[in-house]
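Reading through the structure tokens given below for one structure.
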Amino acid sequence: MIAVALVVAAAVIFIVGRSLGAEPLRVSSTGSRYAVTVVIDEPTTGRVPVEVLVTSGDPDAVAVSAVMPGMGHATPELTAREAAPGRFVAEGELFPMSGAWEVSIRLDGPAGAETLVVNALITG
């Protein structure tokens, strides 16, 4: 009976913990041509949308990629679609594992090309 109660308690803790999810991530970076704020509503592993809000500059194209320097991992670049003026969304599996990632945002437009980098702690 005690073993069954422990299994049920562990299952409840797991389900409740997963439903709470991670806190949204919001980080900014400024370069010489552009400034951005990166928003990840659920900074977890797997397929998650990454929103890039361009707060300065007017890029025609935005792409996002990620590197985990501590483990030597890198993900392919994802092209972001323009959801609204100054708001780009990249969707795909950018973070295959939890940990500290460097997210690169490549912007290209009339002002030229520039890559900005932000740090993201990915959980779960």
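The numbers here are math on the coordinates, done by the rules we state, and not lab data. Small disclaimer: the values here were computed from a predicted structure and weren't measured. Note: ideal-geometry Cβ built from the backbone for every residue, glycine included; neighbour counts use all protein chains shown.
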Distance in nm between pseudo-label sites at Ala111 and Arg87 (7 Å out along the Cβ direction from Cα): 2.0 nm
Karplus (6.51, -1.76, 1.60) ³J(HN,Hα), θ = phi - 60°, over region 109-124, in Hz, Gly and Pro reported as x: x, x, 7, x, 9, 7, 10, 10, 10, 10, 9, 9, 9, 9, 10, x
Karplus-derived 3J(HN,Hα), 6.51/-1.76/1.60, for each residue of region 70-83, Hz, glycine and proline x: x, 10, x, 8, 9, 10, x, 5, 10, 7, 8, 8, 7, 7
In order through region 45-51: 3J(HN,Hα) via Karplus (6.51 cos²θ - 1.76 cosθ + 1.60), integer Hz, x for Gly, Pro: 6, x, 7, 9, x, 10, 9
Long-range HN-HN contacts of Ala111 with modeled amide H, under 5 Å: Asp58
FRET E, pair Thr30, Leu121, Förster distance 25 Å, beta-carbon r, rounded to 0.05: 0.75
